[in-house]
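Asks: Could you have a look at this structure, given as structure tokens, before my questions?
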Amino acid sequence: MICAYYQEDNMKKPIVFARMNQDDVDLIKRVCEMRGEDLSNFVRRAIKLELARLSYLSEDEKKALGLRPFISSSDSDQSKHHIYTPEGVIKNV
């Protein structure tokens, strides 16, 4: 379940909640601590990365996230289907 509501003092930024497995939450918190990153930034970046991977973001936004296109050498029209990954490599396509 995901729900969003607006804080009274800041009506422009919704707060989103998502139920998660406790083990996943604990792992995310450990990763954030090791990176020196707060949980909100981690989650926002993870969501942006998924939106970019699904091609909902602009080329500049994808580039800013460190993603690069993977183009299969077997594609006849290489500009047609780009799959974006941090590594630029897709396995088992």
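Asks: For segment 60-67, in order, what is each residue's ³J(HN,Hα) by Karplus, 6.51 cos²θ - 1.76 cosθ + 1.60 with θ = phi - 60°, in whole Hz (x at glycine and Pro)?
Replies: 5, 5, 4, 4, 5, 7, x, 8
Asks: Residue by residue through segment 15-22, which ³J(HN,Hα) values in whole Hz follow from phi under the Karplus form 6.51 cos²θ - 1.76 cosθ + 1.60 (θ = phi - 60°), with glycine and proline marked x?
Replies: For segment 15-22, the Karplus curve yields 9, 10, 10, 9, 6, 9, 5, 4 Hz.
Asks: Find out how many positive minus negative residues lie around Lys48, taking Lys and Arg as positive, Asp and Glu as negative, among other residues whose Cβ is under 10 Å from that of Lys48.
Replies: +2
Asks: So how far apart, in nm, are the two label points at Arg30 and Ala64 if each is 7 Å from Cα heading toward Cβ?
Replies: It is 3.2 nm.
Asks: At 7 Å along the Cα-to-beta-carbon direction for both Asn41 and Lys13, put a label point, then send me their distance in nm to one decimal.
Replies: With each label placed 7 Å out from Cα toward Cβ, I get 1.3 nm.
Asks: Here is a follow-up. DSSP loop (so not H, G, I, E, B), at most 15 other Cβ within 10 Å: list which trypsin sites (Lys or Arg not before Pro) in segment 9-49 pass both filters.
Replies: Of the trypsin sites (Lys or Arg not before Pro), the ones in loops of segment 9-49 whose Cβ has at most 15 other Cβ atoms within 10 Å are Arg19.
Asks: While we're here: Going by amide H atoms built from the backbone, whose H comes under 5 Å of the H on Arg68, apart from near neighbours?
Replies: Thr85, Gly88
Asks: Also, quick follow-up: What spacing in nm lies between the two simple spin-label points modelled at Asp23 and Leu51, each 7 Å away from Cα in the Cβ direction?
Replies: Once both label points are built, they end up 3.0 nm from each other.
Read the figures in this text as sums done on the coordinates, not as results from a lab. The shown structure was predicted, so the numbers you read here are calculated from the model rather than taken from an experiment. As a convention, Cβ positions derive from the backbone with ideal geometry for all residues, glycine included, and neighbour counts pool all protein chains shown.
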